[in-house]
Amino acid sequence: MSQSTSSKPLALITGASTGIGATYADRLAKRGYDLILVARDGAKLEQLAAKLSSENGVSVRAFRADLTDAASLKSLETLIRDTPQISLLVNNAGSILPGGFKDSDVEDIDNLIRLNVTSLARLSRVALDGLKTHKDGAIINIASVLALAAEISDPVYTASKAFVLTFTQSLQVELANSGLYFQVVLPAATRTDIWAKGGKNIEEVPGVMEVDELVDAALVGFDKKEPVTIPPLQDENKWFALDNARQALRMEFLQSHAAPRYK
Ligand SMILES: NC(=O)c1ccc[n+]([C@@H]2O[C@H](COP(=O)([O-])OP(=O)(O)OC[C@H]3O[C@@H](n4cnc5c(N)ncnc54)[C@H](OP(=O)(O)O)[C@@H]3O)[C@@H](O)[C@H]2O)c1
């Protein structure tokens, strides 16, 4: 693809071969973005790239990478450093563990953290310098409502999504004057392959959202420049109430002495 000569904006999407990432790819191509699509399944990426570029007249490049693999991640980081034309990074790639924590293999736990946490933080950092050169530079991080619901799922996956939420909120503060926009999206159960890959039957899950509806709603939040987008949450005041309560709690933390109940 001719990134340096194209006048179109350029987005990089991780986990773009299926599900939420592939749907972002479709929607961003329709919005006139050139794309770099990243995942492990190179054949699927090439197929999607050909389809999106012929349907939308944009340049789409497939980049095969396993984000749990240090060398593979570094090669993607090099691509990002060498491509300051990227104005939007969508950190979407993620997976779940088959089974609960007590049944999980330590290597699987480590890989999940590399994918859901480490790669997301590293790619965000590497992309920053290029993103800052665009007036509309942005990062979209895909978390999960499980970031707010530790009781529901596997501890490692849930905590990895809490990382994505807190990380993005913290970036919003640290880089408030950078001109960059950071959005964190919290989907609930969404109909994608992630469930079957994790050995879970989505038909047993109540309230499943279709992936098109999820991504279209998340992009409405993006256009509004919402810091936190929770597509299934019907009453947004419930989020504001939680966030206000958290902010109020934060004000109580700077104390030289322990609370009386600890004495
Ligand atoms: N579906 C839901 O109910 C739901 C709810 C909340 C949050 N989410 C989050 O949404 C994001 C997208 O998930 P999805 O539901 O769309 O699942 P999905 O259909 O399984 O898609 C996951 C994507 O990540 C890629 N991926 C997986 N492991 C990778 C690796 N090691 N290196 C590079 N790419 C890798 C996959 O491609 P390859 O296999 O080709 O590598 C695929 O493109 C994830 O972060 C997930 O946690 C999903």
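Please find the FRET efficiency linking Glu151 to Ser6, where r is the Cβ-Cβ separation and R0 is fixed at 51 Å, and quote it to the nearest 0.05. After rounding to 0.05, the efficiency reads 0.60. Among Phe167, Phe253, the ranking by other beta carbons within 10 Å of each residue's beta carbon, starting with the fewest, stands as Phe253, Phe167.
Computed over the Cα atoms of region 118-263, the ratio of the radius of gyration to the Kirkwood radius (Rg/Rh) comes to 1.02. Residues Met209, Met251, ranked from the fewest to the most other C-beta atoms within 10 Å, line up as Met251, Met209. Measuring nothing but how far apart in sequence close Cα pairs (under 8 Å, 6+ apart) lie, relative to its length, region 10-236 scores a relative contact order of 18 percent. Start at zero, step by 5 Å, and the Cα-Cα distances of region 85-202 spread as 2, 11, 20, 23, 17, 11, 8, 5, 2, 0 percent across the bins. Work from the charge dipole of region 1-73 (Cβ charges, +1 for Lys and Arg, -1 for Asp and Glu, about the Cα centre) and give the residue of Ser17, Ser7, Ile36 farthest towards its positive end. Working it through, the farthest residue towards the positive pole turns out to be Ser7. What is the helix-to-structure angle for 42-56, meaning the angle in degrees between its Cα long axis and the longest Cα principal axis of the chain, kept from 0 to 90 and rounded to the nearest 10? The angle comes out near 70 degrees. Helix 236-250 and the longest principal axis of the C-alpha atoms of the chain enclose an angle of approximately 60°.
What is the sum of charges around Ala121, taking Lys and Arg as +1, Asp and Glu as -1, for the other residues whose C-beta is under 12 Å from the C-beta of Ala121? Combined, the nearby Lys, Arg, Asp and Glu give +2.
Dipole magnitude for the chain: computed about the Cα centre from +1 point charges on Lys and Arg Cβ and -1 point charges on Asp and Glu Cβ, it is near 720 debye. Size check on the chain: the Cα extents along the three principal axes, sorted descending, read 67, 44, 38 Å. Per residue, the convex hull around the alpha carbon atoms of region 1-78 comes to 78 Å³. Given their separation in residues at 0.36 nm each and the Cα-Cα distance between them, Gln247 and Asp41 gain 69.9 nm when the chain is fully extended.
Note on the chain: helix-only mean residue ellipticity at 222 nm, from DSSP H runs of 4+ residues weighted -39500 (n - 2.57) and normalised by residue number, equals -13500 deg cm²/dmol. Computed over region 29-142, the range of Cα coordinates on each principal axis works out to 48, 31, 23 Å, biggest value leading. Counting other Cβ atoms within 10 Å as a rough exposure proxy, the listed residues Asp154, Asp82 run Asp82, Asp154 from fewest neighbours to most.
Here the gap between Glu236 and Arg191, fully extended at 0.36 nm per residue and compared with their Cα-Cα distance, gives a gain of 13.9 nm.
Length gained on full extension, Val220 to Ala259: 9.6 nm, using 0.36 nm per residue less the C-alpha separation. Once the Cα atoms are used to define both axes, helix 19-30 deviates from the longest principal axis of the chain by about 50 degrees. Answer with one residue from Met209, Ile109, Ser170: the one whose Cα lies farthest towards the positive end of the charge dipole of region 10-236, charges on Cβ with Lys, Arg +1 and Asp, Glu -1. Farthest towards the positive pole: Ser170. If R0 equals 30 Å, the separation of the Cβ atoms of Asp110 and Val205 corresponds to a calculated FRET efficiency of about 0.65.
The distance separating the Cα centre of region 81-147 from that of region 1-64 comes to 17 Å. Remark: region 106-213 carries a charge dipole of roughly 480 debye about the Cα centre, counting +1 on each Lys and Arg Cβ and -1 on each Asp and Glu Cβ.
Where a number appears in this text, it was derived from the coordinates with a stated rule and is not lab data. Computed from a predicted structure; not experimentally measured. All Cβ positions, even for glycine, are placed from backbone atoms using ideal geometry, and neighbour counts span all protein chains on display.
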